[in-house]
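J.: Before we start, here is the structure in question, set down as structure tokens.
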Amino acid sequence: MRIVVKIGTSTLTHSTGCLNIRRIEKLCEVISDLKNAGHEPILVSSGAIGMGVGKLSLKSRPQDIPTKQAAAAVGQCELMYTYDKLFSEYRHTVAQILLTEHDVNDPQRRGNFHNTLSRLLELDCIPIINENDTVATEELGIGDNDTLAAIVSVNISADLLVLMSDIDGLYTADPHKNADAELIKSVKEITPEIIALAGGKGSELGTGGMATKIRAAQIATSSGTDMIITNGDNPSALYDIVDGVEIGTRFWSTK
Ligand code: GLU
């Protein structure tokens, strides 16, 4: 199974912006094992800005663009260093791809990206993709990695896109505010009611939220890729997901 796994900042880091070591170690172990089993995992990883905040000991996520870009420049190194180190323990080779809006909108650049990604998979690498935040930020570029992960999934004809987040899936109401909120396990059609269920922004350090996830679902499912939103606090759920166990919220491809 060709599977794109998007990992949100809240999954990778503590609220301090520092690395959640136990979580990322487990994640790399599970993804390595899936690769060993013959699957083709591709990561879309957030966390550059969040980890830069931690490494630079900034008090909170910066609001101005130059500091955000500086934090991303520092954090992206830290992120790839960590992935390289952990995946190497399982003898897997990682490859960094940083994209901007132009790379996904321009047909020629999109083609180049597709060719590189395909070749990396043939070479048995684990591609790790992020937006190139040092030149594009959420104000200027693709803006969030939910959307980026959906664009990547379509580009490489993934079988499945998994968004690992700090929430179990899409609920009938905001579960933080409403105790009666129920998890929606399956979405066959993205209706205006489903779109209305998505509130605003997610965590303090990240960029996404349910709205960007629903937008990602629209992009993925209309081009033949199923999408699952699941809680990133349990990376082993990826085993169940490839085995077809019902987890989180699944958006079914309409193609
Ligand atoms: N590209 C951003 C980062 O690595 C994250 C964007 C997002 O969280 O969606 O910090």
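The values are calculated or read from the model by the stated rules, or taken from the named source; none is laboratory data. Values in this document were obtained by computation on a predicted structure and should not be read as measured data. All Cβ positions, glycine included, derive from the backbone under ideal geometry; neighbour counts span all protein chains shown. Accessible surface areas use protein heavy atoms only, side chains included; no ligands, DNA or RNA. Shrake-Rupley method; radii C 1.70, N 1.55, O 1.52, S 1.80 Å.
J.: Sum up the charges of everything whose Cβ sits under 14 Å from the Cβ of V4, counting Lys and Arg as +1 and Asp and Glu as -1, but leave V4 out.
T.: So the surrounding residues net to 0.
J.: Hey, how many Å between the Cα centroid of segment 153-168 and the Cα centroid of segment 82-138?
T.: Result: 15 Å between the Cα centres.
J.: Checking the a/c ratio against 1.5 first, then a/b against b/c, what shape does the Cα gyration tensor give for segment 46-167?
T.: oblate
J.: For segment 120-166, what class follows from the C-alpha gyration tensor (a ≥ b ≥ c being the square roots of its eigenvalues): rounded when a/c is under 1.5, otherwise prolate if a/b is larger than b/c, else oblate?
T.: Taking the square roots of the gyration eigenvalues as a ≥ b ≥ c, segment 120-166 is prolate.
J.: Then there is this: Per the helix-only calculation at 222 nm, which mean residue ellipticity applies to the chain, given -39500 (n - 2.57) for every DSSP H run of n ≥ 4 and division by its residues, nearest 500 deg cm²/dmol?
T.: Mean residue ellipticity, 222 nm, calculated: -13000 deg cm²/dmol.
J.: List the trypsin sites (Lys or Arg not before Pro) within segment 1-66 that DSSP assigns to loop and that have no more than 11 neighbouring Cβ atoms inside 10 Å.
T.: K59
J.: For C77, C18, C125, give me the order by solvent-accessible area with a 1.4 Å probe, most accessible first, ignoring ligands, DNA and RNA.
T.: C77, C18, C125
J.: Return a whole-number percent for the relative contact order of segment 38-96, with Cα pairs under 8 Å and 6 or more residues apart as the contact set.
T.: Averaging sequence separation for qualifying contacts and normalising by length gives 34 percent for segment 38-96.
J.: Now, a different point. Within 10 Å of each candidate Cβ there may be at most 14 other Cβ atoms; applying that plus a DSSP loop requirement, which GluC sites (Glu not before Pro) in segment 126-193 survive?
T.: E139, E182, E189
J.: Just to be sure I understand: of the beta bridges DSSP finds with both ends in the chain, what percent are antiparallel, rounded to 5?
T.: Beta bridges within the chain, antiparallel portion: roughly 20 percent.
J.: Listed here are the pairs K26/K185; K6/K213; K6/K35; K6/K177; which of them are more than 18 Å apart at the Cα?
T.: Too far apart for the 18 Å limit: K26/K185; K6/K177.
J.: Which helices pass in the chain if a helix is a full DSSP H run, must span at least 24 angstrom along its long axis by Cα, and must have mean Kyte-Doolittle hydropathy not below -0.5?
T.: Helices meeting the span and hydropathy rule in the chain are 65-89.
J.: For the chain, which span is the longest to avoid every loop-located (per DSSP) member of chymotrypsin sites (Phe, Trp or Tyr not before Pro) having at most 16 other Cβ atoms inside 10 Å?
T.: 91-251
J.: Would you mind giving the average projected area, over all directions, of the Cα convex hull of segment 99-178 in nm² with one decimal?
T.: So the Cα hull casts an average projection of 7.1 nm².
J.: Let me ask something else about it. Taking a ≥ b ≥ c as the square roots of the eigenvalues of the Cα gyration tensor of the chain, is the shape rounded (a/c under 1.5), prolate (a/b larger than b/c) or oblate?
T.: rounded
J.: Stretch N178-C18 to full length: gain in nm at 0.36 nm per residue minus the Cα-Cα span?
T.: The span from N178 to C18 would gain 54.6 nm if fully extended.
J.: When only Cα pairs under 8 Å and 6 or more residues apart are kept, what is the percent relative contact order across the chain?
T.: For the chain, the relative contact order is 23 percent.
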